[in-house]
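Asker: I'd like to ask you about the structure that follows.
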Amino acid sequence: MNINYNEKERSFRLDAKDTSYMFKIVDDGYLCHVYYGKKVPDEDLGYLLRLDESPKTPRENMRDKATFMDTLPFEYSCFGLGDYRESCIKIVDQNGCTTVDLRYVSHRIYKGKPALAGLPATFVNNDDEASTLEITCIDKPTGLQATLFYTAFTNLDVITRSITLKNTGEKPIEITRVLSACVDFDDDCYDMITLNGSWARERHMERAPLHHGKQSIDSIKGESSHQNNPFAALVSHNADEDMGEAFGFNFVYSGNFFAQAEVTQHKKTRFVMGINPLDFGWKLESGEEFVAPEVVMVHSDSGIGKMSRTFHDLYRQNLIRGEYKDKRRPVLINNWEATYFNFDTDKLISIAKEASKLGIEMLVMDDGWFGHRESDNSSLGDWFVNEKKIKGGLKYLVDEVNKLGMKFGIWFEPEMVSPDSELYKAHPDWAIQVKNRELTMSREQYILDFSRKEVRDYVYSMMKNILDSANIEYIKWDMNRQVTEPGSLALPPERQREIWHRYVLGVYDLMNRLTTDYPHILLENCSGGGARFDPGMLYYSPQIWTSDDTDAIERLKIQHGTSLCYPCSAMGAHVSDCPNHTVGRNTPFKTRGHVAMVGTFGYELDVTKIPEEDRNSIPGQIEEFNKYNALVRTGDHYRIGNTFENIEWDAWMFVAKDKSEALFEFVQILARPNYRSRRIKLKGLDPDAYYYEESEPDRKISGAALMNAGINIAKIWNGDGIYGDFSSKILHFIKA
Ligand code: DGJ
């Protein structure tokens, strides 16, 4: 077993692949953190706690227990006991007081990993992949029982954490804060990396050294958000893609979250992550349980790149599910940027006809096919076909598309309702709202109260009618506004704060029903572009729309940032028309293809209208995508360029796990005059093997030379050079 308990030392040791994580039970049953980092031999590291230094343990120095509490590195910090750093848990007890004091009671260690009721979480495919430690603690005065879960993966540098609370007392307890993980590092020598942005520029990478005080990211929008992704990494100041230490944290949740690094008075760092405590509340009646979502923790001793590759492997094998998990996704064409709301059956069939000739495999009908929707101001919630637009009905359209040899996909926004809809007129109380307050509109729509089963059931029955009426093989599940007036007309006053989490649980419930009842349908999540690109969503959909920004150059940043913890195989990426609809930039069609090839690949343009030359290059582009897709989906991703620092060029690689081949992609962003060829060092190859580039089979170069000396871009590309801004090139290296 890769988790062990040392009875004598009262210490726990968790070993993931090359990682060790240790903690200990000290005086009075407090759980304190000892070590997290590169694997070390099995020995007692309890001395690291300095329990012989001042402040002494409570047993030896009861007169100043508070100093001890504010100094001890806790595994799970409680509010009200003298630990003035960020707390993980806070309650309101029967007396209205907020102190909570969790102490060790018992533990158990077993192979495998349990599921989290109602929540997405990483899983094992067989019990040998991981071991789990459950530690039960109790707050004696209230009877609040907490179970801390730790799972250590055997072949990945991954440790996951979560917590379950149970009220074993007689009186109700309100939980006002329950974070899922806390790590107390012994120093403050880290930079914090986060993924921030806005609509159309999601997950831009930011990096800043830690300093005294609290540095946090969060969402209080009801979803993980465009602005901050539920990901943060603490990396050593010298860490780059290939060296240095990195600790990555990712929250498997799609609602309000909070992540914070706090540098304390003693220059230590406390990192915490979990559900955003702001406006959170959950009443636990006697006997009731609350399950908090999971935090995935990845350690890398060889830079940020290795951290990312560990996340990718974990998510591809142990989070993403369903029939498309290990499959190439059909090349789709989506009509959103082609037509927006202005389409009908004839228009869609004309796009499909042209697309099918070019080798595109699926037509996706985006927003605007239902109710009387002609723009974004109506009909959400009326999930029946607008036969004025879809003349002949949905089945006719889908059959016609199928006759062309193409699959058919459809767009829904199940969580929403327009004020101008039959649904809202019949059930105005079904919107998330606060009694006697005006509802705030956003994109002229409201959010349905998915905490209510009857609301979910009704929406699902409408979706089912559509899905059962024609051969639908793909769904794009969109979500285009954030929560305001958080409240539910179905919850009693003392449970109003529960709406945030109950809403997310409701979304998960419906996605679970959908994917269980329609296992053949490929589900793509989306939220106004990429506002819900999080591991929670990946549990239900193997791909997520990365951003509404389809510009190839802006996508370099978005996809680079996203790849810090999410696999490229999950990134929805399309070739669109130029000038680009978001930034007005013109880029070569070829470059747009090369950048979209990093993700799931598809088209988002009116194929009947684009320039002849672009249209003619689609079959070749699809052939190229097909050729490399297995490598992209299953290989190791190496970032070489970084357009957050260098805006002249970008490059990256996908290397087969057995190192037999590698795809190298290069984009020149700004052409420079009188500039010599660039030398770029490849990554991830076998140093002892020889490789040739596919177009030059006679020229064999060692992996060691390719990685340490590099390649001269201009020379290899002689005659097929990189000319002008935004040009791109791919190279395919094969082991000789
Ligand atoms: C936002 C999505 O990101 C777009 O791709 C598109 O589906 C629109 N919503 C439709 O309203």
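Any read-out appearing in this document is the output of simple, stated calculations on the displayed coordinates, not a laboratory observation. None of these values were measured; they are calculated from a predicted model. Quick reminder, even Gly has a Cβ in these numbers, built from the backbone with ideal geometry, and neighbours come from all protein chains shown.
Asker: For a quick check: sort LEU556, LEU51, LEU663 by the number of other beta carbons within 10 angstrom, fewest at the front.
Answerer: Taking fewest neighbouring Cβ atoms as first place, the list is LEU51, LEU663, LEU556.
Asker: Then there is this: With +1 on each Lys and Arg Cβ and -1 on each Asp and Glu Cβ, how big is the dipole of the range 231-333 about its Cα centre, in debye rounded to the nearest 20? Show your work: numbers first, answer last.
Answerer: Working: 12 positive and 14 negative charges, 64 e Å.
Roughly 300 debye, rounded to the nearest 20.
Asker: Out of all Cα-Cα pairs in the range 481-563, roughly what percent, to the nearest whole number, are more than 20 Å apart?
Answerer: 48
Asker: What nm distance separates the two modelled labels at SER660 and GLU613, each placed 7 Å from Cα along Cα→Cβ?
Answerer: The two pseudo-label positions are separated by 3.8 nm.
Asker: In which sequence would HIS212, HIS732 go, from the one with the fewest C-beta neighbours within 10 Å to the one with the most?
Answerer: Numbers: HIS212 11, HIS732 17.
Fewest-to-most Cβ neighbours within 10 Å comes out as HIS212, HIS732.
Asker: Would you work out which of GLN482, CYS568, ILE499 lies farthest towards the positive end of the dipole of the range 472-569, given +1 charges on the beta-carbon of Lys and Arg and -1 on that of Asp and Glu, about the Cα centre?
Answerer: Result: ILE499.
Asker: Further, regarding this structure: Using only alpha carbon pairs under 8 Å that are at least six residues apart, calculate the relative contact order of the chain and give it in whole percent.
Answerer: It rounds to 10 percent for the chain.
Asker: Would you tally the net charge around GLU415, using a Cβ to Cβ cut-off of less than 11 Å, leaving GLU415 out, and scoring K and R as +1, D and E as -1?
Answerer: -1
Asker: So what's the chain giving for Rg/Rh, alpha carbon basis, Kirkwood Rh from the mean inverse pair distance?
Answerer: Here Rg/Rh amounts to 0.98.
Asker: Say the dipole of the chain comes from +1 at the beta carbon of Lys and Arg and -1 at that of Asp and Glu; which of TYR315, ASN642, LEU81 then lies farthest toward its positive end?
Answerer: Result: ASN642, furthest along the dipole toward the positive end.
Asker: What FRET efficiency, computed as 1/(1 + (r/R0)^6) with R0 = 22 Å and r the Cβ-Cβ distance, is obtained for ASP279 and LYS425, rounded to the nearest 0.05?
Answerer: Approximately 0.15, to the nearest 0.05.
Asker: Please list, or write none, the lysines whose alpha carbon is within less than 19 Å of the alpha carbon of LYS389, excluding same-chain residues fewer than 8 places away.
Answerer: List returned: LYS347, LYS353.
Asker: Report the per residue volume, in Å³, of the convex hull enclosing the C-alpha atoms of the range 1-148.
Answerer: In the range 1-148, the Cα hull volume divided by residue count equals 139 Å³.
Asker: Efficiency by 1/(1 + (r/R0)^6): what FRET value for LYS388 and LYS39, r their Cβ-Cβ distance, R0 = 56 Å, to the nearest 0.05?
Answerer: Numbers: r = 65 Å, r/R0 = 1.16.
About 0.30, to the nearest 0.05.
Asker: Rank these for me by crowding, SER216, SER421, SER198, going from fewest to most other beta carbons within 10 Å.
Answerer: Working: SER216 18, SER421 23, SER198 12.
Result, fewest neighbours first: SER198, SER216, SER421.
Asker: Can you compute the charge dipole magnitude of the range 600-694 about its Cα centre, using +1 on each Lys and Arg Cβ and -1 on each Asp and Glu Cβ, nothing else charged? Give it in debye, rounded to the nearest 20.
Answerer: On the way: 13 positive and 18 negative charges, 85 e Å.
Once rounded to the nearest 20, the dipole reads 400 debye.
Asker: Suppose every K and R has +1 on its Cβ and every D and E has -1 on its Cβ; what is the size of the dipole of the chain about the Cα centre, in Debye to the nearest 20?
Answerer: 480
Asker: Give a quick list of GluC sites (Glu not before Pro) in the range 176-228 that DSSP marks as loop, anything other than H, G, I, E or B, with at most 16 other Cβ atoms within 10 Å.
Answerer: Passing both the DSSP loop test and the Cβ count: no residue.
Asker: With a Förster radius of 22 Å, plug the Cβ-Cβ distance of ASN712 and HIS237 into 1/(1 + (r/R0)^6) and report the FRET value to the nearest 0.05.
Answerer: 0.10
Asker: Return the loop-located GluC sites (Glu not before Pro) in the range 79-146 (DSSP other than H, G, I, E, B) with at most 16 other Cβ atoms within 10 Å of their own Cβ; answer none if there are none.
Answerer: Of the GluC sites (Glu not before Pro), not one in the loops of the range 79-146 has a Cβ with at most 16 other Cβ atoms within 10 Å.
Asker: Work the Kirkwood hydrodynamic radius out for the range 3-318: mean of 1/r over every pair of different alpha-carbon atoms, inverted, in Å.
Answerer: It is 19.8 Å.
Asker: Work out the charge dipole of the range 209-312 with +1 on the Cβ of Lys and Arg and -1 on the Cβ of Asp and Glu about the Cα centre, then indicate which of SER236, GLY255, HIS212 is farthest towards its positive end.
Answerer: HIS212
Asker: Going Cα to Cα from LYS735, which lysines come in below 19 Å? Please leave out same-chain ones fewer than 8 positions away.
Answerer: LYS627, LYS657, LYS659, LYS681, LYS683, LYS700
Asker: Still on this model: Give me the number: length gained by fully extending LEU48 to ASP128, i.e. 0.36 nm times residue separation minus the C-alpha to C-alpha distance, one decimal in nm.
Answerer: Gain in length upon complete extension: 25.7 nm.
Asker: Are there any chymotrypsin sites (Phe, Trp or Tyr not before Pro) in the range 183-291 that are in a DSSP loop and have at most 11 other Cβ atoms within 10 Å? List them by number.
Answerer: Nothing satisfies the criteria.
Asker: How far apart, in nanometres, would the label points at LYS464 and ARG63 be if each is projected 7 angstrom from Cα along the Cα-to-Cβ direction?
Answerer: For LYS464 paired with ARG63, the spin-label model returns 7.1 nm.
Asker: Two-decimal Rg/Rh of the range 163-299 from alpha-carbon positions, Kirkwood Rh? Don't skip to the answer; put the middle values down first.
Answerer: Working: Rg = 16.4 Å, Rh = 16.0 Å.
Using Cα coordinates only, the ratio equals 1.03.
Asker: So what is the calculated 222 nm ellipticity per residue for the chain, using -39500 (n - 2.57) for each DSSP H run with n of 4 or more, over all residues, to the nearest 500 deg cm²/dmol?
Answerer: Numbers: 14 runs with 149 residues, N = 736.
That calculation yields -6000 deg cm²/dmol at 222 nm.
Asker: Also: For LYS56, give me every one of the lysines with a C-alpha distance below 28 angstrom, ignoring sequence neighbours fewer than eight places off in its own chain.
Answerer: Cross-link targets: LYS8, LYS24, LYS65, LYS90, LYS140, LYS214, LYS267, LYS268.
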